[in-house]
Amino acid sequence: MPRVRVLVLQHGLGALDYAVPDGLDLGPGDIVEVPLGPRTIVGVVWEADRWAAREVADAKLRAVVRRFDVPAMTAGLRRLIEWTGAYYMAPPAAVLRMALSVPSALVAAAGVIEYRLGAVPDKLTPQRTAAAERLGGRQGSVRELARHGGVSEGVIRGMVKAGMLTPIAVSPDAAPPVPDPDFAQPVLSYEQAVAAEDIARAVGTRDFAPFVLDGVTGSGKTEVYFEGIAAALRADGGRETGTGQTLVLVPEIALTAPWLARFAARFGCAPTPWHSDLRGSERRRAWRAVASGDARVVVGARSALFLPYADLRLIVVDEAHESSFKQDEGVQYHARDVAVMRAQIEGIAVVLATATPAIETRVQVARGRYTELKLPTRFGGAQLPRVATIDLRTNPPPRGHWLSLPLVGALRETFVAGEQSLLFLNRRGYAPLTLCRSCGERIECPQCTAWLVEHRLTGRLQCHHCGYNVPVPKLCPACAAPDSLVPCGPGVERVAEEVARVLPDLRVALVTSDTIFSPARAAALVDAVEAHEIDLLIGTQLVTKGYHFPDLMLVGVVDADLGLAGGDLRAGERTFQQIAQVSGRAGRGAKPGRVLLQTHQPEARIMRALVDYDAEGFYAAETDARRDLGLPPFGRLAGIVVSGEDEAAVAATARSLGRSAPQADGLAVLGPAPAPLAMLRGRHRQRLLVHARRSLDLQGIIAEWLEGVAVPASVRVTVDIDPYNFL
Ligand code: ADP
Ligand code: ZN
């Protein structure tokens, strides 16, 4: 009897064998529905020699229920799923789930009816008048129109009955518009043209071609990789018949509004977005369009990497140095690294675009594996800003203040000149710590080893790890003393309060994930800044990316030392990247801007490198230090976290892991020790760190080790290969 091996979407199960019913022709990649116990689940037919499966006699074999009428999963994606599971030591079902994240997309949808405002009679109820005004030309379902019109669905249905809203039949799977590579071709600078041509040529040849597009802030990297996208759009003879697809990965989807506007200006329409905030119908439409090849350019967050592209030709990782590309939960993959792997498997081009390439990336260039494309100057002759430090030891801000006199003076000068400024402090909220003056209590999260952060905008104390929050108490929760709680240290809200006191004329906008939480908010901010309704932006790392404000002339870094404290191996690098990135927001128009760094250590190498634009020197020293210690990318790390609600069971498991730690030449296991975040969401946590020579089979060694240790059901052991988070 013909049988197939199916990788099933069921945690803890790998591949299972099924009988192929008469009349069904199945091959690897086909997406199928199969029985499992009393129900059915989704799976993908796989090459039988890739997964082991339990032997089942023909007579006992159950049959595949049906094949879904969607394109088969390509061999490229199947190999990527295998690689990701093996490399990050994740269950195959967990990786497969990222590729099949929209079960509803497997079935073609019936048509739906949407409505749009038609003839509006003169006499209307006030409710209908208001709704009609708000709806304007918008089209949507009854539910969507009710939301936009600010009325009940009943009112909308009434308007349909009265003939005010015209029904329109739409296919929910309508193909997205096709970007036109010739819509508005820019005139590139010589440097840009050279880089763009290299990328476009590689896209045309269908070979694995990894590029690092290393251009200073404002050099026009986007315009360069847009030419790569144009080449992919033109692939296979023009946009009527071509299918070449591009994936652009961005670190922060909320910030893509300006990017989307630029894309539309260049290609005449929007790309297909992919992120966790899509509505169900948008997700299924996007998934199907990616699989059919109709979605020609996808812009998305990490998970867009595992979509079933029909004909992927180019992957762009924008702001490739961003550590947010590393996924912290579930399958703990690094999207930059998986992007390169997908490009290698598919035999296509991949562009890592960044002003501050990561050391891992630089070393690949040095090893000759990646091609470096450099844009050393800003586009259009704009100059890089002048950078200077303010020594906080000699210029301390007054008590309870965070801005030194020279910085306040520079803010005032900039304001008087009619120009805009930006203050950067990578701390949300008002104050990171609330302390009781009478008993010394520091208010902590009941579920995490972390202080609660005061947010004045919401009047609450909030845990930034688990989301727990309470109103700011009137009495100390420990000693009940009244009026004894004092906020310690600054967050962006507190800096804004100080500015309101010392520079009351400045119109300030806060830019944090609390205020800019949607693309619409980001777009409104851009409009306000461009219209000069804002004099000063105060923001967290959210302001360091993507924005281009020509009249922003001054950037002040409130605490340049912040990221260096208690640092892991990348603290220096991350701080350098962040400050270089935020500095790059200054003076992007005709006039050069300036940057002031408040620091207690202006003589430190990192500060000198920022002032002198000596990235090469800084990175050379950091790279040497990593090489000497055998740290990534010269050696390998894996973090192992043991967690659970039962503290004793966690400690016992961690100890038995420690006792049975593997021994090998070039391998060291550190720990177990309580994690810096010793408790997270009510779970106790212990850590071990594995440090290995590059030549060792790290995953194999860890797998064998974990197999030999009994883990009680209440305890979870997670492995983080190439960790970025050491908390
Ligand atoms: P980067 O991403 O390297 O920091 P951008 O891509 O944001 O730089 O480009 C900086 C600015 O220069 C943008 O406003 C962009 O529109 C403009 N620009 C870059 N290249 C060109 C070009 N070839 N023609 C016109 N404008 C350009
Ligand atoms: Zn918490």
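The values are calculated or read from the model by the stated rules, or taken from the named source; none is laboratory data. Quick caveat, the model's predicted, so the values are computed rather than measured. Counting neighbours? That spans all protein chains shown, and the Cβs are built from the backbone with ideal geometry, glycine included.
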Exercise. Look through the range 209-257, keep the residues that are at pLDDT below 95 and of a type in the set (Asp, Glu), and return whichever of them is surrounded by the fewest Cβ atoms within 10 Å (Cβ to Cβ).
Key: 240
Self-check item: Among the residues listed as 466, 436, the single one being over 27 Å from residue 585 (Cα atoms), hydrophobic (A, V, I, L, M, F, W, C), under 31 Å from the mean Cα position of the chain (by Cα) and more than 16 Å from ligand 1 (Cβ to nearest atom)
Solution: 466
Quiz item: If residue 218 satisfies every condition in (1) part of a helix (DSSP H, G or I); (2) of a type outside the set (Val, Ile, Thr); (3) within 16 Å of ligand 1 (Cβ to nearest atom) but one, which is the exception?
Solution: (1)
Quiz prompt | Residue check, residue 487 modelled with pLDDT of 95 or more and away from ligand 1 (no atom under 16 Å from the Cβ) | solution = yes
Self-check item: Pick from the range 437-451, criterion surrounded by 20 or more Cβ atoms within 10 Å (Cβ to Cβ) and more than 8 Å from ligand 2 (Cβ to nearest atom), ranking: nearest to residue 645 (Cα to Cα)
Solution: 451
Quiz item: Within the range 176-215, which residues are in a loop (DSSP other than H, G, I, E, B) and within 15 Å of ligand 1 (Cβ to nearest atom)?
Solution: 183, 184, 185, 186, 187, 188, 189
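With respect to residue 649, is the statement that it is among the aliphatic types (A, V, I, L, M) and either closer than 30 Å to residue 671 by Cα or outside any loop (DSSP other than H, G, I, E, B) (or both) true?
So residue 649 fits the description; yes.
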Quiz prompt | the range 338-382, subset touching a residue at least 24 places away in the same chain (Cβ under 8 Å), basic (Lys, Arg) and surrounded by fewer than 17 Cβ atoms within 10 Å (Cβ to Cβ), residue nearest to residue 95 (Cα to Cα) | solution = 369
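Please tell me if residue 41 is among the hydrophobic types (A, V, I, L, M, F, W, C) and in contact with a Phe, Trp or Tyr (Cβ under 9 Å, 6 or more places away or on another chain).
Spelling it out, it is not the case that residue 41 is among the hydrophobic types (A, V, I, L, M, F, W, C) and in contact with a Phe, Trp or Tyr (Cβ under 9 Å, 6 or more places away or on another chain).
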Practice problem: Scan the range 444-460 and report the pairs whose first residue is among the basic types (Lys, Arg) and whose second residue is within 10 Å of ligand 2 (Cβ to nearest atom) and part of a strand (DSSP E or B), with Cβ atoms within less than 7 Å and a gap of 6+ or a chain change. | Solution: 460/469
Practice problem: Can you tell me which residue among 276, 324 is over 25 Å from residue 185 (Cα atoms) and not in a helix (DSSP H, G or I)? | Solution: 276
Practice problem: For residue 52, indicate whether it is exposed (fewer than 15 other Cβ atoms within 10 Å of the Cβ) and either within 23 Å of residue 332 (Cα to Cα) or modelled with pLDDT of 95 or more (or both). | Solution: no
Quiz prompt | Selection within the range 522-570 - in a loop (DSSP other than H, G, I, E, B) and within 16 Å of ligand 1 (Cβ to nearest atom) | solution = 545, 546, 547, 548, 549, 550, 551
Quiz item: For the range 577-599, how many residues meet the condition of being away from ligand 1 (no atom under 12 Å from the Cβ) and either under 18 Å from residue 318 (Cα atoms) or of a type in the set (Val, Ile, Thr) (or both)?
Solution: 6
Self-check item: Matching residues in the range 575-603 - criterion: being over 23 Å from residue 421 (Cα atoms) and either surrounded by 24 or more Cβ atoms within 10 Å (Cβ to Cβ) or in contact (Cβ under 8 Å) with a residue 12 or more places away in the chain (or both)
Solution: 601
Practice problem: Determine whether residue 20 is under 24 Å from residue 287 (Cα atoms), surrounded by 14 or more Cβ atoms within 10 Å (Cβ to Cβ) and among the hydrophobic types (A, V, I, L, M, F, W, C). | Solution: no
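Working only within the range 185-208, note down all residues that are among the aliphatic types (A, V, I, L, M), more than 22 Å from residue 616 (Cβ to Cβ) and either surrounded by fewer than 23 Cβ atoms within 10 Å (Cβ to Cβ) or in contact with a helix residue (DSSP H, G or I) (Cβ under 6 Å, 6 or more places away or on another chain) (or both). Write out each step before concluding.
Let us first name the residues in the range 185-208 that are among the aliphatic types (A, V, I, L, M), namely 187-188, 193-196, 199-200, 202-203.
Among the residues that remain, those that are also more than 22 Å from residue 616 (Cβ to Cβ) are: 187-188, 193, 196, 199-200, 202-203.
187, 188, 193, 196, 199, 200, 203, listed by residue number.
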Practice problem: Being touching a residue at least 60 places away in the same chain (Cβ under 8 Å) and surrounded by fewer than 18 Cβ atoms within 10 Å (Cβ to Cβ) narrows it down to one of 270, 289, 295, so name that one. | Solution: 270
Quiz item: Regarding residue 673, is this residue in contact (Cβ under 8 Å) with a residue 40 or more places away in the chain, more than 16 Å from ligand 2 (Cβ to nearest atom) and more than 27 Å from the chain's Cα centre (by Cα)?
Solution: no
